[in-house]
Amino acid sequence: MRTTYDSPLNSRYASNDMKYIFSPDKKFRTWRLLWIALAETQKELGLEISDEQIDEMKANADDINYDVAEKREQEVRHDVMSHVYAFGEQCPAARGIIHLGATSCYVGDNTDLILMREALTLVRSELLAVVSGLADFADRYKEMPTLGFTHFQPAQLVTVGKRASLWIHDLMMDLYDLDHVLSDIRFLGSRGTTGTQASFMSLFDNDHKKVKQLDNRIAKRMGFTEVYPVSGQTYTRKVDSRVLNVLSGIAQSAAKFSNDIRLLQHLKEIEEPFEKNQIGSSAMAYKRNPMRSERIASLSRYVINDAMNAAATAGAQWFERTLDDSANKRISVPEAFLAVDAVLSIYLDVAGGLVVYPNMIRKHLDEELPFMCTENIMMEAVKRGADRQALHEAIRVHSMEASANVKMNGGKNDLLDRIASDPVFELDRMSLKDLLEPSLYIGRAPEQVAEYLRNDVYPVLRKNRKEIERIIPHINI
């Protein structure tokens, strides 16, 4: 509808898969699955619940009568009880045992844990797909020399592929953090109003063993192997904070990548993909703005800041339960996932279509390389009998004069001409040219990239081939 606000994350950026995970339909279907799991487990443990009641619930699990639930919520102002009522309308035989002994958090919190785990699994596949694309790029360009930058000032040479390996390394750290948090997301279970399971103790005549089994069996039915050992009415909101910290870490890595690409595009060395009919500017038709990278930066900034919502909410909880978390986490958690989903989708697009301009890279190398090879020049001259101290002073003077010619006069870097004409060096222009081969100044960059990909990256990608193919079919690893 054009007359009501719609989050751009929903209408413009996030994938359909991620949007469905946090959709109302997914949430309410999960509620019904949880009610069925509760009833089935209670029956197994001896409560008077019939097969007919459970079959009735299963038959209506996916046929949600939203109109009834919405009308009821207008009357009672309680979303969970409205859906209990609506489910009971469809299941008259089971009406009395739906949600038996449970609190709202039984469906609300357990559903949140289920959805976050599923969303993290999707993010994990997307993250691995980006790493795969960058690994191809890093391997292809591992030997191509390029200017390194510290403080965005020309520094020692690196290679195009070595720089890409730094982007990969950040994402691999994010993957490690994600796997740790994902592996530790557990099920809340059925804990009651203050986490003591008192209502279930009453239902099962104070049988501690059965009440413990209730938690574990429901968890297993919902795909979990463990439940949190203690809780209040809710799972600790530290879980949300840990999850959003992982998403923030991915956003940080993506933002760093996007900044590098935007700077490289300014230098005309590497560009993000640009479509044939794409418009870069409404006013300046010649422009090729790095809009994908800028969008990565913009959305990433949102996620980084959004992580503070979960941190503040975790710290603001009172005792066993307070409701000032609810409205905030309804927004902050799904929106963080939708934003990271969008970030990784754009990142994958950019990483898979980067355009490299070797001639521009070499042009910038040629402009700066004379300064960087002065130590090698000095060593060569010493081998030929020159005095090192005299050479050092001569190089200092010539470097200052050449730098001034570039900065003040807009001239070329004529340092090598100055050195070749200075008899103290005893080196002609041809001898100096041999020292200007860029590959002499890249250290172990190609070997570092090859070793890192072989030892750290490719084994992870191969192990997770199926997950990556969820995003990129037919990958070559």
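The values are calculated or read from the model by the stated rules, or taken from the named source; none is laboratory data. This one's a predicted model, so the numbers in the text were calculated from it and none came from an experiment. We place every Cβ from the backbone using ideal geometry, glycine too, and count neighbours over all the protein chains shown.
Just wondering, is there one or more residues in the range 93-105 that are touching a Cys at 6+ places or on another chain (Cβ under 9 Å), over 30 Å from Asp341 (Cβ atoms) and either of a type outside the set (Ser, Thr, Tyr) or not assigned by TED's automatic domain parsing to the domain that holds Ala310 (or both)?
For the range 93-105, residues touching a Cys at 6+ places or on another chain (Cβ under 9 Å), over 30 Å from Asp341 (Cβ atoms) and either of a type outside the set (Ser, Thr, Tyr) or not assigned by TED's automatic domain parsing to the domain that holds Ala310 (or both): present.
If the requirement is being touching a strand residue (DSSP E or B) at 6+ places or on another chain (Cβ under 8 Å), closer than 28 Å to Leu323 by Cα and not polar (S, T, N, Q), which of these qualifies: Tyr141, Tyr228?
Values: Tyr141 fails: closer than 28 Å to Leu323 by Cα.
After applying the criteria, what remains is Tyr228.
Residue under question is Ser132, and the condition is that it be in contact (Cβ under 8 Å) with a residue 60 or more places away in the chain and either part of a loop (DSSP other than H, G, I, E, B) or buried (at least 22 other Cβ atoms within 10 Å of the Cβ) (or both); does it hold?
Numbers: in contact (Cβ under 8 Å) with a residue 60 or more places away in the chain: yes; either part of a loop (DSSP other than H, G, I, E, B) or buried (at least 22 other Cβ atoms within 10 Å of the Cβ) (or both): yes.
Yes; evaluated as a whole, the condition is true for this residue.
Could you please let me know if Thr193 is within 30 Å of Arg301 (Cβ to Cβ), of a type in the set (Val, Ile, Thr) and surrounded by fewer than 19 Cβ atoms within 10 Å (Cβ to Cβ)? First the steps, then the outcome.
Details: within 30 Å of Arg301 (Cβ to Cβ): no; of a type in the set (Val, Ile, Thr): yes; surrounded by fewer than 19 Cβ atoms within 10 Å (Cβ to Cβ): yes.
No; evaluated as a whole, the condition is false for this residue.
Residue by residue, here is whether (1) under 30 Å from Ala339 (Cβ atoms); (2) outside the structural domain of Ser300 (by TED's automatic domain parsing); (3) surrounded by fewer than 18 Cβ atoms within 10 Å (Cβ to Cβ) holds:
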position	(1), (2), (3)
Asn16	yes, yes, yes
Lys19	yes, yes, no
Phe22	yes, yes, no
Arg29	yes, yes, yes
Ile49	no, yes, no
Ile54	no, yes, no
Ala59	no, yes, yes
Arg72	no, yes, no
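Out of all the residues in the range 420-441, is one or more within 30 Å of Gly161 (Cα to Cα), without any contact (Cβ under 8 Å) to a residue 24 or more places away in the chain and basic (Lys, Arg)?
Yes, the range 420-441 has at least one match.
Please return the ranges of helices (runs of 4 or more DSSP H) entirely within the range 1-104 where 1 or more residues are over 35 Å from the mean Cα position of the chain (by Cα) and either at pLDDT 95 or above or more than 21 Å from Thr193 (Cβ to Cβ) (or both). Give the derivation first.
Numbers: elements: 16-21, 24-44, 51-59, 66-76, 79-90.
It comes to 24-44, 51-59, 66-76, 79-90.
Identify all residues within the range 74-108 that are of a type in the set (Phe, Trp, Tyr) and surrounded by fewer than 23 Cβ atoms within 10 Å (Cβ to Cβ); write none if there are none. Working first, answer last.
Filtering the range 74-108 down to residues of a type in the set (Phe, Trp, Tyr) leaves 85, 87, 106.
Within the range 74-108, Tyr85 is the sole residue that qualifies.
Working only within the range 109-129, note down all residues that are closer than 18 Å to Asn464 by Cβ, surrounded by fewer than 24 Cβ atoms within 10 Å (Cβ to Cβ) and either acidic (Asp, Glu) or not assigned by TED's automatic domain parsing to the domain that holds Pro334 (or both).
Glu118 - this is the single residue of the range 109-129 that is closer than 18 Å to Asn464 by Cβ, surrounded by fewer than 24 Cβ atoms within 10 Å (Cβ to Cβ) and either acidic (Asp, Glu) or not assigned by TED's automatic domain parsing to the domain that holds Pro334 (or both).
Which ranges mark the helices (runs of 4 or more DSSP H) fully within the range 371-477 that have 2 or more residues being over 48 Å from the mean Cα position of the chain (by Cα)? So that I can check it myself, show each step before the final result.
Numbers: elements: 374-383, 388-409, 415-420, 429-434, 445-452, 458-463, 465-469.
The qualifying helices (runs of 4 or more DSSP H) are 374-383, 388-409, 415-420, 429-434.
Would you mention how many residues in the range 305-335 are more than 17 Å from Thr234 (Cβ to Cβ) and touching a Leu at 6+ places or on another chain (Cβ under 9 Å)?
Number of matching residues: 5.
Taking Thr150 and the conditions (1) among the polar types (S, T, N, Q); (2) closer than 22 Å to Gln252 by Cβ; (3) in contact (Cβ under 8 Å) with a residue 12 or more places away in the chain, which numbered condition does it fall short on, given that it satisfies the others?
Every condition holds for Thr150 apart from (3).
Mind checking which pairs have a first residue in the range 70-89 that is over 18 Å from Asp25 (Cβ atoms) and a second that is small (Gly, Ala, Ser) and modelled with pLDDT of 95 or more, Cβ under 7 Å, 6 or more apart or different chains?
Every condition considered, the pairs that remain are Val76/Ser82.
Can you work out which of the residues in the range 344-366 that are in contact with a strand residue (DSSP E or B) (Cβ under 8 Å, 6 or more places away or on another chain) and part of a helix (DSSP H, G or I) is surrounded by the most Cβ atoms within 10 Å (Cβ to Cβ)? Lay out the reasoning, then the answer.
Taking the range 344-366 first, the residues in contact with a strand residue (DSSP E or B) (Cβ under 8 Å, 6 or more places away or on another chain) are 354-357, 361, 364-365.
Those left that are additionally part of a helix (DSSP H, G or I): 361, 364-365.
Working: Ile361: 22, His364: 16, Leu365: 18.
Of everything passing the filter in the range 344-366, Ile361 is surrounded by the most Cβ atoms within 10 Å (Cβ to Cβ).
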